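Following: one structure in structure tokens, then a few remarks.
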Amino acid sequence: MAEFLVLGAGMVGASSALALQARGHNVVLVDQQQAGCETSYGNAGVIQAEAVEPYAIPRDFKTLSQFALGLNNDVHWRLSGLTSMLPMLWSYFNHSQKRKHQRISQTYSQLIARSTMDHQKLIEASNSPALMTKKGFSILYRDEKGFESGVIEANHLHQEYGVSSNVFSGQQYCEQEPALLSAPTGVVHFTDSWSCSSPGDLTKAYCRLFVERGGRFCQGNANSLKELNNGWAIETEDGTVQAEQVVVALGPWSPEFLKTFGYDIPMIYKRGYHAHFVSSEPLNRPFLDASNGFVASSMKDGIRLTTGASLVKRNAPIETSQLDHASRALAELLPIEERVKEPQWFGTRPCMPDMLPVVGQAPKHKNMWFHFGHGHQGFTLGPTTSELFAELVEGRSNSLLEALSPTRF
Ligand SMILES: Cc1cc2nc3c(=O)[nH]c(=O)nc-3n(C[C@H](O)[C@H](O)[C@H](O)COP(=O)(O)OP(=O)(O)OC[C@H]3O[C@@H](n4cnc5c(N)ncnc54)[C@H](O)[C@@H]3O)c2cc1C
């Protein structure tokens, strides 16, 4: 019998398996697909050293009315999506109050501060430096007012958390990023963030490292998990696997899975889409178009455009209005050619109402652990919360881990 069964081989599960293994534990990692095929595949691939404050709901009337009227491409919604998540969204709105958000950011910024360092060890060990670019992440503003508030925000992040950035006029930035067809009004370039040309491949490389170090990866459905007297059993393509303890790292699928075990997890599902475009000129670094709510990054399949949040039911049909708007805006900025033909991808950011991931022992089961809810920055934070998680398993706790505990719900 193994000691740990980790369910879900996204960035969070693969990193959890590695962190437990590094402490001498016998671990089996299980996913119904290959590693890194879902949210950890389709994201914007930014290791966001600048994201020290988690994404809060704007509370000013102007932005909220723009969201309500569908005038802001950052957020798209459907009434059925809002009503299905109403209590969670209300709690999210409350946690977005300035004071509460500041307190949450104290915790969040400590996680983000070590994220590149925690990735670096795994990037080196998994022989993945070629997937990484360390040239930062930029925010492009297309209007003076937005640019001014972007500069104020960058100064605040520097003073409060030491986040480094450079400010450029649009013309100056075009010299840094020759692919740009037209100059934005201004740009804030966060210098310490990293980007990945294939987030799914990086996740797969971490999983491969786990296997090379003696770990076992199996394909199987988490829904076949059964509780035994002394542990857990799951059906996999390699037969039944048993383990003393189970770690739930199923990202946005975690709440649904945990219903069977008597847990009601308040998650907000923020859907995002991506598309790839052929381009003769790659980008030096990814950017967010602040006026049109999308991120563009150079990836192995072309320029990847990822959209903001769509608040819809989990099984809602594909709707491409956000993506279409963003694609038109992208064509104004970059010399993109045709769209790459591929099935339409979408994924779900697994967001908690208090914007913090969930890391810790399941309240009703001694031998079950929760590790999910990384929202907008799970690709960034997977290795960091995994290190903390493995320390917790070893019996070490601290105030950071207390803030992430599942008992807070
Ligand atoms: C459009 C978009 C852009 C983003 N951009 C960024 C970014 O630039 N930087 C950043 O840090 N974060 C970004 N994120 C967020 C980030 O991608 C997620 O927070 C992160 O990938 C979550 O990782 P995870 O391992 O928890 O979940 P996942 O990667 O979704 O992993 C969960 C795993 O569980 C498996 N699974 C599900 N059900 C079952 C089952 N029944 N049995 C077995 N296995 C199962 C799935 O196959 C999957 O492999 C973005 C998200 C989106 C949607």
Hey, residue 254 hits all of (1) within 16 Å of the ligand (Cβ to nearest atom); (2) over 23 Å from the mean Cα position of the chain (by Cα) but one; which does it fall short on?
(2)
Checked segment 22-75 for anything within 16 Å of the ligand (Cβ to nearest atom) and over 17 Å from the mean Cα position of the chain (by Cα); matches are 27, 28, 29, 30, 31, 32, 33, 34, 73
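Residue-wise test of (1) open to solvent by 10 Å² or more (accessible area, probe 1.4 Å); (2) in a strand (DSSP E or B); (3) closer than 26 Å to residue 37 by Cβ; (4) of a type in the set (Val, Ile, Thr).
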residue	(1), (2), (3), (4)
105	no, no, no, no
118	no, no, yes, no
122	yes, no, yes, no
181	yes, no, no, no
204	yes, no, yes, no
On the basis of being touching a residue at least 60 places away in the same chain (Cβ under 8 Å) and either within 30 Å of residue 30 (Cα to Cα) or away from the ligand (no atom under 15 Å from the Cβ) (or both), does residue 293 make the cut?
no
From the list 305, 330, 311, exactly one residue is surrounded by 23 or more Cβ atoms within 10 Å (Cβ to Cβ) and either closer than 16 Å to residue 72 by Cα or within 11 Å of the ligand (Cβ to nearest atom) (or both). Which is it?
305
Which of the numbered conditions does residue 280 fail, given that it passes all the others? Conditions: (1) more than 10 Å from the ligand (Cβ to nearest atom); (2) touching a Cys at 6+ places or on another chain (Cβ under 7 Å).
(2)
Failed item in (1) in contact with a strand residue (DSSP E or B) (Cβ under 8 Å, 6 or more places away or on another chain); (2) closer than 15 Å to residue 20 by Cβ, with residue 338 passing the rest
(2)
Can you tell me which residue is most open to solvent (accessible area, probe 1.4 Å) among those in segment 22-46 that are among the hydrophobic types (A, V, I, L, M, F, W, C) and over 22 Å from residue 221 (Cβ atoms)?
22
Close pairs from segment 263-276: first closer than 19 Å to residue 297 by Cα, partner of a type in the set (Gly, Ala, Ser) and more than 10 Å from the ligand (Cβ to nearest atom), Cβ under 6 Å, at least 6 apart
276/302
So residue 19 clears everything in (1) in contact (Cβ under 8 Å) with a residue 12 or more places away in the chain; (2) surrounded by fewer than 23 Cβ atoms within 10 Å (Cβ to Cβ); (3) away from the ligand (no atom under 11 Å from the Cβ); (4) among the small types (Gly, Ala, Ser) except one condition, right? Which one?
(2)
I'd like to know if segment 367-380 contains one or more residues that are surrounded by fewer than 23 Cβ atoms within 10 Å (Cβ to Cβ), modelled with pLDDT of 95 or more and among the aliphatic types (A, V, I, L, M).
yes
Just to be sure before I move on: is residue 249 at pLDDT 95 or above, open to solvent by less than 20 Å² (accessible area, probe 1.4 Å) and within 14 Å of the ligand (Cβ to nearest atom) in the structure I sent?
yes
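The values are calculated or read from the model by the stated rules, or taken from the named source; none is laboratory data. Because the structure is a prediction, the values reported are computed rather than measured. We place every Cβ from the backbone using ideal geometry, glycine too, and count neighbours over all the protein chains shown. Side chains included, ligands, DNA and RNA excluded: accessible areas come from the protein's heavy atoms. Shrake-Rupley method; radii C 1.70, N 1.55, O 1.52, S 1.80 Å.
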